[in-house]
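The block underneath contains the structure these notes are about, expressed in structure tokens.
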Amino acid sequence: LFHGHRSSTDAVNICIRDDIMRNYLIKEKAGVIEMHVLDYNEEKHARTLRAEGREEGLAEGREETRIAMLSQMLTNGGTETDLRKYFNATDEEIALAKAQLCKNASAVQ
């Protein structure tokens with residue numbers, strides 16, 4: 001038995017022993033344990049998804065900040081060579097930074 005199933009089984013057994021919903025739990029023990037384990041797994045899965053979503057959001061934010069910084073460096077006279085040399089910028093990042101420059105320039109006009 002895995003941990004969640006064992007702890008659910010233990011909890012049901014304690015309730016039966018202590019005469020808490022005893023008749024119902026004796027009759028429906030397997031279903032109650034299964035439902036509790038499924039709820040536990042669903043909650044754990046939801047927590048995992050939220051954590052992954054936060055990490056993805058943070059990673060996207062870092063990338064957007066990096067592109068904005070590279071774009072600002074180009075605005076201030078930096079060259080593609082500078083970006084590669086000092087920031088290890090990739091061709092894709094430089095292209096995104098240039099695209100942001102164009103976007104900013106058209107927004108100003």
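The values are calculated or read from the model by the stated rules, or taken from the named source; none is laboratory data. Keep in mind the model is a prediction, meaning the values are calculated, not measured. Glycine gets a Cβ as well: all are built from the backbone with ideal geometry, and neighbour counts include every protein chain shown. Ligands, DNA and RNA are excluded from the accessible area calculation, which covers all protein heavy atoms including side chains. Shrake-Rupley method; radii C 1.70, N 1.55, O 1.52, S 1.80 Å.
One table, with the values for the structure above:
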{"read-out": "Set ILE16, ILE33: member being open to solvent by less than 70 Å² (accessible area, probe 1.4 Å) and either touching a Lys or Arg at 6+ places or on another chain (Cβ under 9 Å) or in a loop (DSSP other than H, G, I, E, B) (or both)", "value": "ILE16"}
{"read-out": "Identity of the residue in the stretch 79-109, open to solvent by 80 Å² or more (accessible area, probe 1.4 Å) and among the charged types (D, E, K, R), that ends up farthest from THR65 (Cα to Cα)", "value": "LYS85"}
{"read-out": "Residue match in the stretch 89-96 (condition: in a helix (DSSP H, G or I) and touching an Asp or Glu at 6+ places or on another chain (Cβ under 6 Å))", "value": "yes"}
{"read-out": "From GLU52, GLU60, GLU28, residue being open to solvent by 100 Å² or more (accessible area, probe 1.4 Å), without any contact (Cβ under 8 Å) to a residue 12 or more places away in the chain, assigned to a helix (DSSP H, G or I) and acidic (Asp, Glu)", "value": "GLU60"}
